[in-house]
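Engineer: Structure in structure tokens, see below.
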């Protein structure tokens, strides 16, 4: 019985999930903490920060889980909590300078690892992969916005 392309892609993606993707990327932080720092950076307003509710929605995790991770990152000195004078019930989170530096270092290390992988793939295969991923993104994006 022949396996269809969708199933083959699914199986390959499962293999990626099972393997340790950051074998070329050694980190002092768990991947979940790096993702949290990245989400905070991407969604922080100029003067405020981002709310725990917003982070939970973006990462599709519960508010208590977000709060717990924020506690850990706060203890490490990577984030800080703030309230505004207008509404002290709303707590905002933003990166500290130390958090910004850590995130930049982690992303630099990740990019270095990815560059090593793409060097092994070769320029032509890498360009083909990028072209196909962009095409896939556009198709999926169009399908999900209907």
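Engineer: Take 95, 58 and order them by how many other Cβ atoms sit within 10 Å, fewest up front.
Structural biologist: 58, 95
Engineer: How tilted is helix 97-121 with respect to the longest principal axis of the chain? Cα atoms for both, answer in degrees (0 to 90, nearest 10).
Structural biologist: Helix 97-121 sits roughly 0 degrees off the main axis of the chain.
Engineer: If you don't mind, another one. What distance in nm separates the two pseudo spin-label positions at residue 129 and residue 18, each 7 Å out from Cα along the beta-carbon direction?
Structural biologist: 2.0 nm
Engineer: Can you give me the angle between helix 63-75 and the longest principal axis of the chain, using Cα atoms only, in degrees from 0 to 90, rounded to the nearest 10?
Structural biologist: For 63-75 against the chain, the angle is about 80 degrees.
Engineer: Can you sort 57, 33 by how many other beta carbons sit within 10 Å, fewest first?
Structural biologist: Listed from fewest to most nearby Cβ atoms, that is 57, 33.
Engineer: Could you tell me how many degrees, from 0 to 90 and to the nearest 10, lie between the Cα long axis of helix 5-18 and the main elongation axis, the longest principal axis, of the Cα atoms of the chain?
Structural biologist: The two axes meet at around 50 degrees.
Engineer: How long is the gain from residue 136 to residue 53 if the chain were fully straight, where each residue apart is worth 0.36 nm and the alpha carbon distance is subtracted?
Structural biologist: So the extension gain works out to 26.9 nm.
Engineer: Do you know the relative contact order of the range 27-119, to the nearest whole percent, from alpha carbon pairs under 8 angstrom that are 6+ apart?
Structural biologist: That works out to 29 percent.
Engineer: Using Cβ contacts closer than 10 Å as the measure, can you line up 73, 110 from fewest to most?
Structural biologist: Fewest-to-most Cβ neighbours within 10 Å comes out as 110, 73.
Engineer: Let's test the formula: R0 of 30 Å, r as the Cβ-Cβ distance of residue 42 and residue 117. What FRET efficiency results, to the nearest 0.05?
Structural biologist: Computed FRET efficiency for residue 42 and residue 117 comes out at 0.80.
No value in this document is a laboratory result; all are computed from the given coordinates. Bear in mind that the values here come from a model prediction, so they are computed numbers and not experimental data. With ideal geometry, Cβ positions are generated from the backbone for all residues, glycine too; neighbour counts draw on all protein chains shown.
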